[in-house]
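See below for the structure under consideration.
Read the figures in this text as sums done on the coordinates, not as results from a lab. Keep in mind that what you see is a predicted model, and the values were worked out from it rather than measured. Counting neighbours? That spans all protein chains shown, and the Cβs are built from the backbone with ideal geometry, glycine included.
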Amino acid sequence: MSETLDVVVVGAGAMGSTTAWQLAKAGRSVAVLEQFGRLHDRGSSHGQTRVFRVSYRDPLYTELATDSIPRWRELETDSGVDLLEQTGQLDHGFSPAIVQIEASLVSGGFAYERMTPEAAGERWPSLNFDTTVLYSPDGGRVFADRMVDAALAVAERCGAQLHFDTPVLAIEPDGDGVAVVTEGATYRANTVVVSAGAWVSRLVGPGTKWPDITLPEVTVTRQQPVHFAIRPGMSFPSYIHHVPDDTPGAALRFGAYGLESPGEGVKLGLETSVRTDPDDVGVVDPAITAEAIAYADRWLPGADTSQVSAVTCLFTNTPDSHFIIDRVGPIVVCSPCSGHGFKFAPEIGAITADLAMGGSRRHREWRL
Ligand SMILES: Cc1cc2nc3c(=O)[nH]c(=O)nc-3n(C[C@H](O)[C@H](O)[C@H](O)COP(=O)(O)OP(=O)(O)OC[C@H]3O[C@@H](n4cnc5c(N)ncnc54)[C@H](O)[C@@H]3O)c2cc1C
């Protein structure tokens, strides 16, 4: 144990990397400790792309997405890497969801178009639609691995230490700060940011040195997005197909989602509720792939379902699908949960860095 750092960040996924970027840029001494390698594929942040959208049923997230756009541009400027493409995004499905999304878009001052399924089908023949369709030109896609890599690179350039293959074994109280224990070294810091994704409750809460930090119940599920080849002459905007409200978490989540991922084809994610241990991201399940093919045969006429590939990753879920971002003493917890956090990552990194620096910045009506 040597000098006392300003902040140790545990986890180098989307949230740890953007938090480290903002902290290092602000001149703080930072060490990032990641249990696996750089850009590994065993958590939630790997892969080429994610859907970006401002179209949320809850206006809180429309506002957060709004605030995220200049943050994505800031990281693009800092890194020199293109990360956000506002190529447009569609919502269709469960009608009350569409009504609420339209209200959020109106209150956020966003441009959008409402159209019938028939009109949308003529404009985007690669998709079939049910119910009213909303088109949001501000939505699109973000580049996932590329963003994590860019944020880490800028953080390192600003002086952050990056330590991969370095699992944190425990976070211990140390005076007013913390001692972050790994196998080879212990890092003393004024503050620790626990951006550990699906592993968050192993480091804080009951059974740890911080039993009084009560997190909402966190469950981890294994997800299996697939990619299909795109039929000649077809293209896809980002799309969300909303499910009825009696689906758990449906107020913030959806049923099927996807986007065109350059070089990979069209992505399709069907949310699963397969619970798993975070250490077991699992292997591709042919039954889930078959379900995805059946969905695509019905709803994605532009997809060539004879050419399919699949990957696995983890969702960290809270009961209401909201995020966990808060500070207790020297511990900041940052876990944007439930499968919809990536689009906000640069802004959440800024909020989390502010908390770690002792600030009290809140996102508008941010619910903690
Ligand atoms: C299939 C899929 C599709 C998604 N699609 C979208 C989308 O379209 N749009 C969108 O906005 N969001 C989407 N998301 C959600 C988004 O990707 C996540 O919200 C985000 O990646 C979470 O990042 P994170 O940093 O919290 O977690 P992670 O990326 O899992 O990072 C946590 C890191 O902490 C490390 N760690 C844990 N414990 C320790 C320890 N003890 N010591 C050291 N390191 C540790 C882990 O190894 C990991 O690298 C999707 C997620 C998945 C899985």
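Going from the residue with the fewest nearby Cβ atoms within 10 Å to the one with the most, 295, 239 rank 295, 239. Think of the chain as a dipole: +1 on every Lys or Arg Cβ, -1 on every Asp or Glu Cβ, centred on the Cα centre; then among 201, 158, 133, 158 lies furthest on the positive end. Taking other residues whose beta carbon is less than 13 angstrom from the beta carbon of residue 128, and scoring Lys, Arg as +1 and Asp, Glu as -1, yields -2.
Sites count as exposed loop sites when they are GluC sites (Glu not before Pro), lie in a DSSP loop, and have at most 12 other Cβ atoms within 10 angstrom; the longest stretch of the chain without one is 4-182. On a C-alpha basis, how far is the centre of the stretch 122-167 from the centre of the stretch 193-238 in Å? Whole number, if you could? Each part's Cα centre sits 15 Å from the other's. Annotation: extensible slack from residue 326 through residue 81 equals 85.2 nm (criterion: 0.36 nm per residue apart, minus Cα-Cα distance). Taking the DSSP beta bridges with both ends in the chain, the antiparallel portion is around 70 percent. Entry note: the chain has Rg to Rh equal to 0.97, where both radii use alpha-carbon atoms and Rh is the Kirkwood radius. Once Lys and Arg get +1 and Asp and Glu get -1 on their Cβ, which of 187, 290, 97 lies farthest toward the positive end of the dipole of the chain? Going by the Cα projections, it comes out as 187. Just so you know, the averaged projected area of the alpha carbon convex hull for the stretch 7-64 sits at 5.4 nm².
Projected label points at residue 113 and residue 161, each 7 Å from Cα along the beta carbon direction, are separated by 5.4 nanometres. A Förster distance of 56 Å, applied to the separation of the beta-carbon atoms of residue 304 and residue 209, puts the FRET efficiency at 0.60.
Simple point charges give the picture: +1 on the Cβ of Lys and Arg, -1 on the Cβ of Asp and Glu, and for the chain a dipole about the Cα centre of about 340 debye. Here's the picture: a label point sits 7 Å out from the Cα of residue 4 along the beta-carbon direction, and within the stretch 168-204 the residues with their amide nitrogen under 15 Å of it are 172-180, 187-192.
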